[in-house]
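The values are calculated or read from the model by the stated rules, or taken from the named source; none is laboratory data. All values derive from a computational prediction rather than experimental measurement. FYI the Cβ positions are ideal-geometry reconstructions off the backbone, even for glycines, and counts take in every protein chain you see. Please note that ligands, DNA and RNA were not included when accessible areas were found on the heavy atoms of the full protein model with its side chains. Shrake-Rupley method; radii C 1.70, N 1.55, O 1.52, S 1.80 Å.
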Amino acid sequence: MNAPYARRRAQLSKDMGSGLLLFLGNNEVGMNYADNTYRFRQDSTFLYFFGLDYPGLAAIIDVDEDQQIVFGNELTIDDIVWTGTQPTLREKAATVGIGQTLPMSELKNYIVKAQRKGQPVHFLPPYRGDHQVQLLELLGILPAEQAERSSLPFIKAIVKQRNYKDLDEIRAIEESVDISTEMHLAAYRKVRPGVHESEVAAVVEEVACRHGNALAFPTIATVQGQVLHNHGFIHELREGDIFLLDAGAETRTHYAGDLSSSMPVGERFTQRQAEVYEIHLRSFQAAIDTLKVGVPFRNAHIAAATEIARGMKELGLMKGDPAEAAECGAYALFFPCGLGHMVGLDVHNMENLGEQYVGYAEGEQKSTQFGFKSLRLARPLEPGFVFTVEPGIYFIPELMDKWEAEGQFRDFICYDRLGPWRDFTGLRNELNYAVMPDGTVRQLGTIRKPMTIEEVYAAKSLNP
């Protein structure tokens, strides 16, 4: 059990060469008072290198002294009464190949001694307030300065490992994809006029719970698909609506799946909805056709954007050359987000470490242009990469008004034709892919998620 963790730590030490590497595990956090906590979720980098899924831990790798230590406190009798008996800290650490443990109070002493010897202390940019407080106490760095003073070599060394999934990790992600597909199939069976968004969310999330798994991210279940991240669950479903679901599970080892689906609330799409859905499927296939080792994922994004621009031109909403519309960014009126992102222990893998290091090649800069700036993955594909593909088509009235008022892309956008489309909302589908060791690109999942209109109708025909 400890072999992969020991191997990862050894590689990290080799890549870093020297210094003290600080890992802060996550703590339990109160929702509205201390004892009523959010569901505990361990920090993913801590899980990757130490595999200990318990709150209240920290760890160091002292590269120069060849020391690996887990810090934490043993349970008191009050803790045991509250949570039950657990292994001791030493027993927990031993399962992942760590032979030395110390009380949490010793962490600062160890760091101070390392600093006195001139050792650099490498830490990651914090994303939780309690980590900011810990870093202030341990290193004396103000929270406002911590992200800037975090260790870039440490970030890059971690990304270098976590970006590349081995076969065990790919299998774990595929397990989460299969559970996620079951979640979506439950939605197809539930969605119909008169049902409330919250009812669909309930049957979707029940699937993850029944498997003993958690959600990889908060569920999006909405008939307002033009709002890209809509978590409200406040609408009743009506005939003529498009229902959009973006939901995924994570395995018990916390590997994530990420799928999205779009379906008619009634038995069939309207003619206009079916036309847009088919354009969307064409954009999806155009993206898939570019997926090859060595080919930048940005090419897949451009391919999808070109096909969306071509489809909007067919509907009379755009004009000009679709390829030019994609390259210059005019397409983003209808597709304002990125095509996909890396997946792993985080649904947006290592986003806390910086998208530019995870999804972009060394020296490649992220665009600041609307649409392109949301592209989380652009680098050439390599064996071991696991990622999503998720083109979408959205009609966002506020964005239409803004662009028209600013006169943006008038050579490509037919603003006088947009009025009847303002209430269309939006749709998208998402699947997960892995680049296998032999360089082939494989869609993950042993259960097929409906994609074609015929598959969507067939899945909905199973409504109770």
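Here are some notes:
- Check on Glu324, open to solvent by 10 Å² or more (accessible area, probe 1.4 Å), of a type in the set (D, E, K, R) and under 30 Å from Phe424 (Cα atoms): yes
- Qualifying residue in the stretch 383-397 (condition: in contact with a Pro (Cβ under 6 Å, 6 or more places away or on another chain), closer than 29 Å to Tyr188 by Cβ and in contact (Cβ under 8 Å) with a residue 60 or more places away in the chain): no
- Residue in the stretch 348-356 that is acidic (Asp, Glu) and closer than 20 Å to Met451 by Cβ present: no
- Evaluation of Pro55 against (1) more than 16 Å from Thr95 (Cα to Cα); (2) more than 29 Å from the chain's Cα centre (by Cα) (one fails), failing number: (2)
- Restricting attention to the stretch 443-454, the residues that are hydrophobic (A, V, I, L, M, F, W, C), touching a Phe, Trp or Tyr at 6+ places or on another chain (Cβ under 9 Å) and either in a loop (DSSP other than H, G, I, E, B) or open to solvent by less than 10 Å² (accessible area, probe 1.4 Å) (or both) total 2.
- Filtering the stretch 236-246 for residues that are modelled with pLDDT under 95, of a type outside the set (Val, Ile, Thr) and open to solvent by 10 Å² or more (accessible area, probe 1.4 Å) leaves an empty set.
- For the stretch 136-146, residues that are part of a helix (DSSP H, G or I) and either surrounded by fewer than 14 Cβ atoms within 10 Å (Cβ to Cβ) or touching a Lys or Arg at 6+ places or on another chain (Cβ under 6 Å) (or both) total 5.
- Some residue of the stretch 10-33 being touching a Gly at 6+ places or on another chain (Cβ under 7 Å) and of a type in the set (A, V, I, L, M, F, W, C): no
- Checking each residue in the stretch 308-346 for being of a type outside the set (A, V, I, L, M), within 25 Å of the chain's Cα centre (by Cα) and not in a loop (DSSP other than H, G, I, E, B) picks out only Tyr331.
- If the condition is being free of Cβ contacts under 8 Å to residues at least 60 places away in the same chain and either closer than 16 Å to Gly392 by Cα or among the aromatic types (Phe, Trp, Tyr) (or both), then the stretch 279-298 contributes Arg282, Gln285, Ala286.
- For the stretch 394-410, filtered to residues that are touching an Asp or Glu at 6+ places or on another chain (Cβ under 9 Å) and part of a loop (DSSP other than H, G, I, E, B), the residue that is most open to solvent (accessible area, probe 1.4 Å) is Arg410.
- Residue in the stretch 368-375 that is under 21 Å from the mean Cα position of the chain (by Cα), open to solvent by less than 30 Å² (accessible area, probe 1.4 Å) and closer than 24 Å to Pro420 by Cβ present: yes
- All positions within the stretch 414-424 that are touching a Gly at 6+ places or on another chain (Cβ under 7 Å) and open to solvent by 60 Å² or more (accessible area, probe 1.4 Å): Arg417
- Filter result for Tyr415 (among the aromatic types (Phe, Trp, Tyr) and out of contact with any Phe, Trp or Tyr (no Cβ under 7 Å at 6 or more places or on another chain)): yes
- Of note, Leu427 does not satisfy the criterion of being buried (at least 19 other Cβ atoms within 10 Å of the Cβ), in contact with a strand residue (DSSP E or B) (Cβ under 6 Å, 6 or more places away or on another chain) and farther than 19 Å from Tyr277 by Cβ.
- Residue check for Thr440: free of Cβ contacts under 8 Å to residues at least 24 places away in the same chain, surrounded by fewer than 14 Cβ atoms within 10 Å (Cβ to Cβ) and closer than 19 Å to Ala286 by Cα: yes
- Among the residues making up the stretch 201-223, a single one is in contact (Cβ under 8 Å) with a residue 60 or more places away in the chain, touching a Lys or Arg at 6+ places or on another chain (Cβ under 9 Å) and not small (Gly, Ala, Ser): Val223.
- Of all residues making up the stretch 251-302, the number that are open to solvent by 30 Å² or more (accessible area, probe 1.4 Å), β-branched (Val, Ile, Thr), more than 26 Å from Gln365 (Cβ to Cβ) and part of a loop (DSSP other than H, G, I, E, B): 2
- Any hit, the stretch 352-366, residues being open to solvent by less than 10 Å² (accessible area, probe 1.4 Å), at pLDDT 95 or above, part of a helix (DSSP H, G or I) and more than 16 Å from Gly426 (Cβ to Cβ): yes
- Selected residue (only one of Gly194, Gly212 is of a type in the set (Gly, Ala, Ser), at pLDDT below 95 and either more than 22 Å from Thr446 (Cα to Cα) or open to solvent by 10 Å² or more (accessible area, probe 1.4 Å) (or both)): Gly212
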